[in-house]
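A.B. asks: Okay, here's the structure, questions in a sec.
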Amino acid sequence: MFNLMLDRFGPQHWWPGDGPFEMMVGAILTQNTNWTNVEKALARLKKDNLLSVSEIYEVSTEKLAEYIRPAGYYNLKSKRLKNLVGMLVDEYEGDISMLFNEDIDSQRMTLLSVKGIGPETADSIILYAAKKPSFVIDTYTYRIMSRHNMVDEQVTYDELQNLFMESLEPDHGLFNEFHALIVRTGKDYCKKVPKCDNCPLNIWGSD
């Protein structure tokens, strides 16, 4: 599966972002929207030098919401960003490297304790920002795997994640590229109405 997608698309160089904190912010902003909208929100934060733990901690929730308006659900996401930086300040003195120096299980537990951060967002932060092997499961992963009868449609997040992590070497670079290729395949071919004819995975067939 990995090789078929890589042969078609090549390396994806994902996740875009200038440094780990920007990637953490992006992981929250990309909830329920596309990356183009996230980039617009990040650019607005960068323009006024607000893309840091201390600046987001100090700015009001209402003002932050206006900055990230292009990402959609801006009032909700503003609160989630404030929750994230609040945790970083309260528990790690605002130093994300202290969080990233912990083992994966501890990092994940801490991130999941933040209101508004679920498994997909937590794993995205661990994989892309902390650069540790925690496989990200998203809508595209569910869709591709179930359409090719590799998992039951009722499979849980943890069950699907375990399938990947138990079948692959725990390699950050591999997990990064694999997930990025799944996203590319999902966006280009495995849509709600699939375009199976030219999909790199069509050798398997589907429902």
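A.B. asks: Pulled fully out, how much extra length does the chain show between residue 69 and residue 193, if you take 0.36 nm times their separation in residues and subtract their Cα-Cα distance? If you can, show how the numbers build up before the last one.
C.D. replies: On the way: separation 124, 0.36 × 124 = 44.64 nm, distance 2.94 nm.
Stretched fully, the residue 69-residue 193 segment lengthens by 41.7 nm.
A.B. asks: From the list (i) 91, 55, 35; (ii) 53, 34, 30; (iii) 59, 37, 30, can you say which value of Cα extents along the principal axes in Å was derived from the structure given?
C.D. replies: Correct label is (ii).
A.B. asks: Same structure again: Give me the extension gain from residue 46 to residue 171: residue separation times 0.36 nm, minus the current Cα-Cα distance, reported in nm with one decimal.
C.D. replies: Working: separation 125, 0.36 × 125 = 45.00 nm, distance 3.15 nm.
Roughly 41.9 nm would be gained on extension.
A.B. asks: May I pose another question? Using a simple spin-label model with points 7 Å from Cα along the Cα→Cβ vector, what separation in nm is obtained for residue 9 and residue 76?
C.D. replies: Result: 2.6 nm between the two label points.
A.B. asks: In nm, to one decimal, how far is the residue 61 label point from the residue 115 one, both placed 7 Å along Cα→Cβ?
C.D. replies: Going from the residue 61 label point to the residue 115 one covers 0.7 nm.
A.B. asks: Moving on to the next point. Ranked by Cβ crowding within 10 angstrom, fewest neighbours first, how are 124, 54 ordered? Working shown, then result.
C.D. replies: Numbers: 124 24, 54 12.
Fewest to most other Cβ atoms nearby, the residues stand as 54, 124.
A.B. asks: At a Förster radius of 25 Å, what calculated FRET efficiency corresponds to the Cβ-Cβ distance of residue 102 and residue 142, to the nearest 0.05?
C.D. replies: 0.30
A.B. asks: Now for a different question. Would you list 35, 15 from fewest to most Cβ contacts within 10 Å?
C.D. replies: Details: 35 17, 15 20.
The order, fewest Cβ neighbours first, is 35, 15.
A.B. asks: Let me ask another. For segment 55-68, what does the Karplus curve 6.51 cos²θ - 1.76 cosθ + 1.60, with θ = phi - 60°, yield as ³J(HN,Hα) per residue in whole Hz, taken in order and with x for Gly and Pro?
C.D. replies: Per residue, the Karplus-derived 3J(HN,Hα) values read 5, 5, 5, 7, 5, 5, 4, 5, 5, 4, 4, 5, 5, 9 Hz.
A.B. asks: Ok, one more. Just tell me which aspartates and glutamates come within less than 19 Å, Cα to Cα, of residue 63; anything on the same chain fewer than 8 places away is out.
C.D. replies: Counting by Cα, and skipping residues close in sequence, residue 63 has these aspartates and glutamates nearby: 22, 39, 48, 55.
A.B. asks: Residue 1 versus residue 91, label points 7 Å from Cα toward the beta carbon: distance in nm?
C.D. replies: 3.0 nm
Each reported figure results from applying straightforward, stated rules to the coordinates on display, with no laboratory input. Bear in mind that the values here come from a model prediction, so they are computed numbers and not experimental data. Glycine gets a Cβ as well: all are built from the backbone with ideal geometry, and neighbour counts include every protein chain shown.
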